[in-house]
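The values are calculated or read from the model by the stated rules, or taken from the named source; none is laboratory data. Keep in mind that this is a model prediction, so the values were computed, not measured. Glycine gets a Cβ as well: all are built from the backbone with ideal geometry, and neighbour counts include every protein chain shown. For accessibility, only protein heavy atoms count, side chains too; no ligands or nucleic acids. Shrake-Rupley method; radii C 1.70, N 1.55, O 1.52, S 1.80 Å.
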Amino acid sequence: MKDTPQNLSPLSVGLHWLVGVFVIAMLAIGLAMEEFELRFLYPVHKSIGIILFAFIVWRVWWRALNGWLPPLGDEPRWQRIAARATHWVLLVGTLLMPLSGIIMSIADGRGLAVFGVELLAANLNAAGRVAALSEPLEHLMHTIHAVTGKTLIAAIALHTGAALWHHLILKDGTLRRMLARPITVKGEAVGRPK
């Protein structure tokens, strides 16, 4: 079930698309929450973020076990460096987004809950109101969450553009590999999904 240069395991493909689609959705929801002050979405956003964090950790662990995939084409060195840097930004950014959100919620005294199931109780003062545990930490995590979100949007756009470039212009099989499709080189199948 390990990845090969020609074929990604079903687990790699599944984790890539699950994390990718949900991170994009969470970024869109987060932007809408900020722009339109949609407070009712906060519990849903936090719940999905906590669950997604587990899948992100799993994906990062799986990528660490399998290593980086070699490029299928003969790109110039600068493109390989840019691709590797973008992949690092995506991996670290997808870890940092939910982690900063989780720490922000805890520091703000709101605790953690997943769809109503309390994981960590809110910090309540004597009057029964939520009291921040650390306002400086909450502000720092809010800033990290916001900056990481904007960075991820740029990295996802670059990653998507590069995937389309490889597929439509270079026709080197990179996107097909990410879709668990056989890769062909000069008309011959190089590998079949396992």
For this session: Taking only region 70-92 into account, find how many residues are among the hydrophobic types (A, V, I, L, M, F, W, C), closer than 20 Å to Val21 by Cβ and open to solvent by 40 Å² or more (accessible area, probe 1.4 Å).
Result: 2
Exercise. Considering Glu118, Glu135, which residue is open to solvent by 80 Å² or more (accessible area, probe 1.4 Å) and either basic (Lys, Arg) or free of Cβ contacts under 8 Å to residues at least 24 places away in the same chain (or both)?
Worked result: Glu118
Exercise. Has region 34-48 got any residue that is under 17 Å from Thr148 (Cβ atoms), in contact with a Leu (Cβ under 7 Å, 6 or more places away or on another chain) and open to solvent by 30 Å² or more (accessible area, probe 1.4 Å)?
Worked result: no
Exercise. How many residues are without any contact (Cβ under 8 Å) to a residue 40 or more places away in the chain and touching a Leu at 6+ places or on another chain (Cβ under 9 Å) if we restrict to region 1-16?
Worked result: 0
Exercise. Within region 18-74, which residues are in contact with a strand residue (DSSP E or B) (Cβ under 8 Å, 6 or more places away or on another chain) and under 30 Å from Gly173 (Cα atoms)?
Worked result: Leu72
Problem set entry | Qualifying position, being within 27 Å of Met1 (Cβ to Cβ) and either in a helix (DSSP H, G or I) or among the aromatic types (Phe, Trp, Tyr) (or both), among Trp78, Trp58 | Trp58
Exercise. Does Ile56 satisfy the condition of being closer than 20 Å to Asp108 by Cα, aliphatic (A, V, I, L, M) and open to solvent by less than 40 Å² (accessible area, probe 1.4 Å)?
Worked result: no
Exercise. In this structure, is Leu137 hydrophobic (A, V, I, L, M, F, W, C), at pLDDT 95 or above and farther than 18 Å from Gly93 by Cα?
Worked result: yes
For this session: State all residues of region 61-75 that are of a type in the set (A, V, I, L, M, F, W, C) and in a helix (DSSP H, G or I); if no residue qualifies, say none.
Result: Trp61, Trp62, Ala64, Leu65
Problem set entry | Qualifying residue in region 112-125 (condition: in a helix (DSSP H, G or I) and of a type outside the set (Asp, Glu)) | no
Seminar exercise, completed: Reported set for region 133-153 where residues are over 25 Å from His87 (Cα atoms) and in contact with a helix residue (DSSP H, G or I) (Cβ under 6 Å, 6 or more places away or on another chain) is Leu133, Ser134, Leu137, Glu138
Exercise. When both residues are 6+ apart or on different chains and their Cβ atoms are under 6 Å apart, which pairs have a first residue that lies in region 151-178 and is closer than 18 Å to Pro5 by Cα, and a second that is in a helix (DSSP H, G or I) and among the hydroxyl-bearing types (Ser, Thr, Tyr)?
Worked result: His166/Thr174
Problem set entry | Selected residue (criterion: farthest from Ala85 (Cα to Cα)) from residues of region 159-194 that are modelled with pLDDT of 60 or more and of a type in the set (Lys, Arg) | Arg181
